[in-house]
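Take this structure first; my questions come after.
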Amino acid sequence: MLPSGIIFKSYAAEEAFLVTRPQKLVFALFIVALFLFPMVGSTYLVGTVSVMMITMIAVLGLQITVGMAGQINLGQSAFVGVGAYVTAAMAVNYELPFWLAIPIGGLTAGLTSILFGLPAARIKGFYLALTTVAAQVMFPLAISRLPQSWFGGSNGMSMPSMELFGYEIWGQTGLYLVNLCFLIVFTTLAFNLQRSRVGRAFIAIRENDVVAPVMGINLVKYKILAFFIGAVFAGISGGLYAYYVTYVTAEQFTLWLSVIYLGMLLIGGMTSPLGAIFGVIIITFLQETTHEIGGYLSGRISFVDESVLFPATNILLGAVIIAVLIFEPHGMVRRWRIAKAAYRIWPNPHG
Amino acid sequence: MIELVQSLSSGVLLGLLYGIVALSFVVIYRASRVVNLAQGEVVMVGAFLAWMAASSFGLPLYLAIPAALAMSACFGVIIERFVFRPLTGQPIFAVVMASIGLIILLRGATMVIWGPATRPFPQVFPLGAIEIGPILLNTALLIGGVITIICAAGLNWFFMRTDAGLRLAAVAEDHTTALSMGISVKKSAIIAWVLGTTLATVSAIIMLSGSVLGVTAAEIGFRALPVALLGGMESVRGAVIAGVLVGMAEALASTYLDPLTNGALSQIFPFILIILVLLIRPQGLFGWKIIERI
């Protein structure tokens, strides 16, 4: 639903996300506020938001594979891992700067995913998810068996710090700004992909993969492309994560993390990139809140400690995912749209 | 030669263990069309229920096992009632996603209720190995294998020969058609979940008898899922046959290929094998070929 008094004269105008001048102004102010945030936020908060933004890029990729193209991907964190390791190898072994190492990591993750998307030529639907589980199983084995000089074997790899024009990017604030820039670029890509030719092909495949080829969509090509794009996002996220945590090990990228990514996407809503962003924010907020409450309780109730807190968060998370599927299968994005529409027609209940 | 026979026969026994877990996937899918990715977690909960019956309640084994099976049947009914029944009629995608939520939920619940520490699992089957000529067979897995074959034969008879079983097959093919034929989808989903969770508990007992129980028991789920897919999600005997095939392939890979690749290939090999088979037969070895119409 749009603000009143809007008439479209071209297709491009109809596809635009920001229509009115106030909308553009508020959006610009929002972006500026994001850049200024480290000046007001505490170091802990800025760090949390940094990790959130890194996760968002991975979940945005997942939204393209799972939400847009409808291919279940249970191996997203393996592709994040590939990105992280390749970025680390580029930065350590070849001393490339971060703005080259991270894209190389992303591309390599994408190329790896093509290998696992290839069975899409024959295998359909749920069976295809099997190959992504295979990717997840192979990843730690491959890392620990490849020559130690490539990826550090089972020891993991230590990262250098980011450098730009000879200056070291230092501290939570610096990393926050780099992550923010990457996030803005990739969010824009995800939103634009949705309304491009490729994005429409993805949506057709998601809606019905028998009808899509009848309409002239090359099923195999677009399925593989969906895996590729999703994995490139994952790889970029992995590269940023490597620089953020400064140490990469294979244990950071588990099947469990892939499952959590899917959960985030579900809660936010799969049909829009906005869902990925909402999902990450909501789940991080849930985790941080239970952590806070748990920290408060652990001083007062004897049996509440770290060993109970982490699983308790998971109970909450699982229950929220199932509840969202039952009560709002379109995720929080739909609630957000309903709220927006209600605000626009207020105070007249029928517009 | 002896090495070959030895690795093949232990592979078969391991494969039969995969087979019974795969069977629990198949039973649930066959009767309710739910691909339950949380089956590994269901196995884990079944194992903890059995441990609780034997160790916490202090029941003797001949009472503890029926108690554990009864509790896991109730557990199945609870999952069906509160997670999957509200999703009846939703696209299969939403159902798979709900099972992902269930993975997170069950892991968290297990760790809160029983704690993250590992504990010894009661010894249900005799320890040690049986010697047949020069070949050693693990006794627990051997008895487990026999149980698997009995279960599979019984379930195959139930699904193929009895009225109730054939009704479940109709539900697996299409919910709407089944409803219009007067078959209760609700009832068959309950049967599916009770069978699925009890089978999972049986497989947990076979797998863990006399060994160590922890949250890692859930990993069997993602090892058995490929087996179920290889056999075909609709086929009871397919699950067992695919289990044996994968078990043998894994054993052969670990005997002959692992020394060359530093122990990596035996874990990946089943996946490669399965993907290759699926490229030729996308519906699995014994699955139904569904003809799609626009």
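From the list A:87, A:20, A:43, pick out the single residue that is open to solvent by less than 10 Å² (accessible area, probe 1.4 Å) and of a type in the set (S, T, N, Q).
A:87
Moving to a separate point now. Search region B:181-200 for residues that are in contact (Cβ under 8 Å) with a residue 12 or more places away in the chain and pair each with any residue that is open to solvent by 50 Å² or more (accessible area, probe 1.4 Å) and β-branched (Val, Ile, Thr) when their beta-carbon atoms are under 7 Å apart and the residues are at least 6 apart or on different chains.
The qualifying pairs are B:185/B:88; B:190/B:77; B:193/B:77; B:194/B:77.
Using the structure shown, decide if residue A:106 is open to solvent by less than 10 Å² (accessible area, probe 1.4 Å), within 27 Å of residue A:330 (Cα to Cα) and either among the small types (Gly, Ala, Ser) or away from chain B (no Cβ under 14 Å) (or both).
Answer is no for this residue.
Only one of (1) exposed (fewer than 12 other Cβ atoms within 10 Å of the Cβ); (2) touching a Leu at 6+ places or on another chain (Cβ under 8 Å) fails for residue A:66. Which number is that?
It is condition (1) that residue A:66 fails.
On to the next question. Please pick out the residue among A:309, A:265 that is under 30 Å from residue B:113 (Cβ atoms), within 14 Å of chain B (Cβ to nearest Cβ) and more than 12 Å from the chain's Cα centre (by Cα).
Of the residues listed, the single one that is under 30 Å from residue B:113 (Cβ atoms), within 14 Å of chain B (Cβ to nearest Cβ) and more than 12 Å from the chain's Cα centre (by Cα) is A:309.
Kindly state which helices (runs of 4 or more DSSP H) lie completely within region B:101-220 and contain at least 3 residues that are away from chain A (no Cβ under 14 Å), farther than 24 Å from residue B:64 by Cα and open to solvent by 50 Å² or more (accessible area, probe 1.4 Å).
Passing ranges, in order: B:139-161, B:163-173, B:175-180.
Can you pull out the residues in region B:56-95 that are facing chain A (nearest Cβ under 8 Å) and surrounded by 20 or more Cβ atoms within 10 Å (Cβ to Cβ)?
B:83
If you don't mind, there's one more thing I want to ask. Can you tell me which condition residue A:117 does not meet? The list is (1) modelled with pLDDT under 80; (2) more than 8 Å from every other protein chain (Cβ to nearest Cβ), and all the others hold.
Answer for residue A:117: the failing condition is (1).
Regarding region A:87-102, can at least one residue be identified that is under 16 Å from the mean Cα position of the chain (by Cα) and within 14 Å of chain B (Cβ to nearest Cβ)?
Checking region A:87-102: not a single residue is under 16 Å from the mean Cα position of the chain (by Cα) and within 14 Å of chain B (Cβ to nearest Cβ).
Name every residue in region A:142-157 that is under 24 Å from the mean Cα position of the chain (by Cα) and away from every other protein chain (no Cβ under 11 Å), in order of residue number.
A:156, A:157, listed by residue number.
In this structure, is residue A:139 away from chain B (no Cβ under 14 Å) and either buried (at least 23 other Cβ atoms within 10 Å of the Cβ) or modelled with pLDDT under 90 (or both)?
No; evaluated as a whole, the condition is false for this residue.
Are any residues in region A:229-254 hydrophobic (A, V, I, L, M, F, W, C) and surrounded by fewer than 21 Cβ atoms within 10 Å (Cβ to Cβ), and if so, which ones?
A:245 - this is the single residue of region A:229-254 that is hydrophobic (A, V, I, L, M, F, W, C) and surrounded by fewer than 21 Cβ atoms within 10 Å (Cβ to Cβ).
Any idea how many residues of region A:200-218 are without any contact (Cβ under 8 Å) to a residue 60 or more places away in the chain and either open to solvent by 10 Å² or more (accessible area, probe 1.4 Å) or closer than 25 Å to residue A:185 by Cβ (or both)?
Going through region A:200-218 one residue at a time, the tally reaches 12.
Checking residue A:181 against (1) touching a helix residue (DSSP H, G or I) at 6+ places or on another chain (Cβ under 7 Å); (2) part of a helix (DSSP H, G or I), only one condition comes out false. Which one?
(1)
The values are calculated or read from the model by the stated rules, or taken from the named source; none is laboratory data. For clarity, every value in this text was computed on a predicted model and none was experimentally measured. A quick note on method: Cβ atoms are made from the backbone with ideal geometry, for glycine too, and the neighbour counts reach across all protein chains shown. These area figures cover heavy atoms from the full protein model, side chains too; ligands, DNA and RNA do not enter into them. Shrake-Rupley method; radii C 1.70, N 1.55, O 1.52, S 1.80 Å.
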